[in-house]
Amino acid sequence: PKEYFGSFDMVLVDLSETVMSFSVTDELDIMGALALLLKKDGIMVKNELYLEDMSNIFDYTIQMHFYDVPVLCSQAFVLGSNGIDFLNQPFHHHDIEGKNLLIEDVSAERDQFEIYHDYQRNVTTSQKHCRNVDEPEMPEIVDQKKSPGILMVIEVEGASVDIIQSAEKLIDAISKSLVKVGLTVQSAVVNDIPVQEVNESGTMEDDTDVNIQSIALVLKEGYVLTRSYPDLGYCAFDIHLWSTFEKHGDAEIALIEAVGGTVNDSTSSSYRIVAGGMFGTSDWKTDEFNRGPRYANICEEPEVNHEMDDDDPPEDDLFTEVVVEETIMAFTSDNDKSDILAVVLCGLKSEPCKASAVLEEQHSVAKVVSLYTCDDANSVDSLFSCELEIVQQLKEAVSDSLSKVSAIVVDSKALKSIGKIVHKIFSSRLSRKKFLVEHPIILAMIRNKDEEWRRNFLERFRKDILKIDPALRAEILFNVTSVDQSPQIFGEVGITASDPLFFTHLIDATDGIELNADLLSDVRTARGAFWKWLPFFQPTNFFLASDYDQTEPLKQYRSQTSLGHQSVFQLERDQGRKVSAISSSVIREALESVFPSGKITVKIEQFDGETFDGDGCLFLAFWDGGSSIVLWDGRNHIDLNLFTHYEKSQVHNTFVATFLLSKLRDYEVKLHDEQPRGIGRVVNFEKDVGTFDLNKPEDRDPRWVQ
């Protein structure tokens, strides 16, 4: 329904890779369409690795990852929103009843960000999925290219026996309820062929008629098929609409109430199946407008996406000083200060190294080693000599301080050559073991676009050297906050660290920089490393079915009773074959070919454009074993809604194969939905669960109960 768009606080998505690849419109895939259901501050949740996909849709995206998952070892899920910044949104305890088994409740004793693994903030993404105030929700459509339909399946228990045992009363009640919600009833067809008892082989027993009413109402907008079981107080509905889909919800409520059922109660249930429709309806443009996703949210004034300039910004000693002090202090706050050895990558020896001076004055660092860029770093020999010199400096520093390197800071004057050498040194596993602590931090300030090598240096450290969780790399922009100044980026700060408390320390650092440098921080991205490999993994807890409340699921499982088998086949032309002419007469011949002459009594009714609005046709077929409804959209799509009072998948497959064999050989089954119909909110076929002895229902209980 159209009113759904822009109305949800949360959309939880658990779809297969295949379904996620589907397109909804020319512009939207499944995920983009689902995102339109959300309010501005709504949240979408998707399991598995969808960070990149969701960050192309939402302004704020976070990927969470947690270990110690039984069987799977670890699991990830992604949250996206256009209104909630997951990095700066306060956590709130919602006092949910019961206890989470796997992920514990957030508490003051735990790091709130411990399962955060990646973060992405975009400033223009949400503008893709909104519309301007003066822009129509949909452009004007000239030609009808699609004709979908929707089949709603409804089960009603506790129906009024007085209504559903009389065909006349049932037709009257249903017709009035449909007219009340704006649908147009054109004709009613009653199945006057008695339904017979079916034995285990699927054949009819003689003289064992069953009290079942089957009625079909043909509408201008679709059809309604009804089966009532007065002895059980049960009524089944199929509502297939090819026009005015928005009336499905009202029609469902009206039909349930019409037969004496209760809405929003465990005695009634429903679901929808997307199927074929009808070309050539008079209201197809209105239906096209009302159908499918729409841009409910109005575009706001887009946020300015500030970027780095090509030129160097003015030197700002305060910025460098505050960034280095606050970042190193935040990320080493849990370390013993006497053990912290910091290395600074500096420019040429003839130039000042501001970062070294800052760290020398900082009480939280025990020792600072300045590694200067070599004067001649263009030749291979010079690079090799420089590398040996730096390795020697590291050896002496580690030996003197009895500590390994905890922090690496790239000074604003450092050149690319020193970064290449240091990266090469620490790429060696032996060098890492000698010189680097287990959880180091690497800090670099980026002042213009020409310093891309600094960002690459941090990224290569994350991917090539640290490699494994909890290693992350973050990019933070810092802007001036004074209202009397034009927007200006002071610089970008990149942080790579192997730190279990990375996000907590990142927020501490940015808060400190904002306070002491009068700047506004903007964390744009944070990317984690590979998950940890856990050999011979054994979960701390292995949760059994008994750990969950089984009361309601078991009650439903035992109560379900299948009363029949329904298949919805969707047929389309195979374009690779020779296309034969198709018409209503061809379809009728194909349907009649399914029923051998003289062996099965069948009642077939045909309806076309004289009854309803459209180019196609509709066939209703009833016999003592079930019913079939064939809907042709007037072009290349056929729906076959088949129901039998017995469960025989082979019968259904043979039915559709025979239907196609004689006149429709260039058609093939594109989609096949099958489900049991019955009572107890049935979801399982009888062949899967058996029949229940009401005195000993536990004899058929599934393994999850045990």
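The values are calculated or read from the model by the stated rules, or taken from the named source; none is laboratory data. Source: prediction; values computed, not measured. As a convention, Cβ positions derive from the backbone with ideal geometry for all residues, glycine included, and neighbour counts pool all protein chains shown. Heads up: the accessible areas ignore ligands, DNA and RNA and are worked out on the full protein's heavy atoms, side chains in. Shrake-Rupley method; radii C 1.70, N 1.55, O 1.52, S 1.80 Å.
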Worksheet item: Mind checking the angle between helix 248-258 and the chain's longest principal axis? C-alpha axes, 0 to 90 degrees, to the nearest 10.
Response: 50 degrees
Worksheet item: What's the angle, to the nearest 10 degrees (0 to 90), between helix 317-331's Cα axis and the longest principal axis of the chain?
Response: 60 degrees
Worksheet item: Going toward the positive end of the dipole of region 316-421, with +1 on Lys and Arg Cβ and -1 on Asp and Glu Cβ, which of VAL410, SER350, PHE319 do you reach last?
Response: VAL410
Worksheet item: Are there trypsin sites (Lys or Arg not before Pro) in region 369-470 that DSSP puts in a loop and that have at most 14 other Cβ atoms within 10 Å, and which ones?
Response: LYS467
Worksheet item: About the Cα centre of the chain, what is the dipole size in debye to 20, counting +1 per Lys and Arg Cβ and -1 per Asp and Glu Cβ, all else neutral?
Response: 2000 debye
Item to complete: Starting from region 532-597, pick out the trypsin sites (Lys or Arg not before Pro) whose DSSP state is loop and whose Cβ has at most 15 other Cβ atoms within 10 Å.
Response: LYS532, ARG577, LYS578
Worksheet item: Near the amide H of GLY222, under 5 Å away, which other amide H atoms are found, from residues 5 or more places off or on another chain, if H is placed in the peptide plane?
Response: TRP242
Fill in: Rounded accessible area of THR504 (nearest 10 Å², 1.4 Å probe)
40 Å²
Item to complete: Find out how many positive minus negative residues lie around PHE622, taking Lys and Arg as positive, Asp and Glu as negative, among other residues whose Cβ is under 10 Å from that of PHE622.
Response: -2
Fill in: Share of carbon and sulfur in the accessible heavy-atom surface of the chain [1.4 Å probe, %]
49 percent
Worksheet entry | Structure-based [θ]222 nm, the chain - -39500 (n - 2.57) summed over DSSP H runs of at least 4, per residue, nearest 500 | -7000 deg cm²/dmol
Practice prompt. Please label the shape of region 320-407 as rounded, prolate or oblate, based on the square roots a ≥ b ≥ c of the eigenvalues of the alpha-carbon gyration tensor (a/c under 1.5 means rounded; beyond that, a/b larger than b/c means prolate, else oblate).
Written response: oblate
Worksheet item: Which value, in debye to the nearest 20, gives the size of the charge dipole of region 389-437 about its Cα centre, when Lys and Arg are +1 and Asp and Glu are -1 at the Cβ?
Response: 320 debye
Response to the item:
Inverse of <1/r> over all distinct C-alpha pairs of region 564-652, i.e. the Kirkwood Rh in Å, gives 14.1 Å
Worksheet item: Which of ILE587, THR332, PRO553 sits closest to the plus end of the dipole of the chain, meaning its Cα is farthest towards the positive end, when Lys and Arg get +1 and Asp and Glu get -1 on the C-beta?
Response: ILE587
Worksheet item: Which of rounded, prolate, oblate describes region 353-473, given a ≥ b ≥ c as roots of the alpha-carbon gyration tensor eigenvalues and a/c under 1.5 marking rounded, otherwise prolate only if a/b is larger than b/c?
Response: rounded
Worksheet, complete the sentence: Along the dipole axis of the chain (charges at Cβ: +1 for Lys and Arg, -1 for Asp and Glu; origin at the Cα centre), the most positive-end residue among THR281, PHE569, SER268 is PHE569
Practice prompt. Kindly sort ILE115, ILE164 by accessible area of their heavy atoms, largest first, with the probe set to 1.4 Å.
Written response: ILE115, ILE164
Worksheet item: Rounded to the nearest 20 Debye, what is the dipole magnitude of region 527-667 about its Cα centre when Lys and Arg each give +1 and Asp and Glu each give -1 at the C-beta?
Response: 640 debye
Worksheet item: Which angle from 0 to 90°, rounded to the nearest 10, does the C-alpha axis of helix 167-180 make with the longest principal axis of the chain?
Response: 40 degrees
Discussion item. Just to be sure I understand, if you calculate Cα extents along the principal axes in Å for this structure, which of (1) 94, 77, 64; (2) 105, 62, 49; (3) 113, 56, 47 do you get?
Written reply: (2)
Worksheet item: Are there trypsin sites (Lys or Arg not before Pro) in region 617-706 that DSSP puts in a loop and that have at most 10 other Cβ atoms within 10 Å, and which ones?
Response: ARG703
Item to complete: Calculate how many DSSP beta bridges within the chain are antiparallel, expressed in % of all such bridges and rounded to the nearest 5.
Response: 85 percent
Fill in: For region 453-480 versus region 508-562, the gap between their alpha-carbon centres in whole angstrom
24 Å
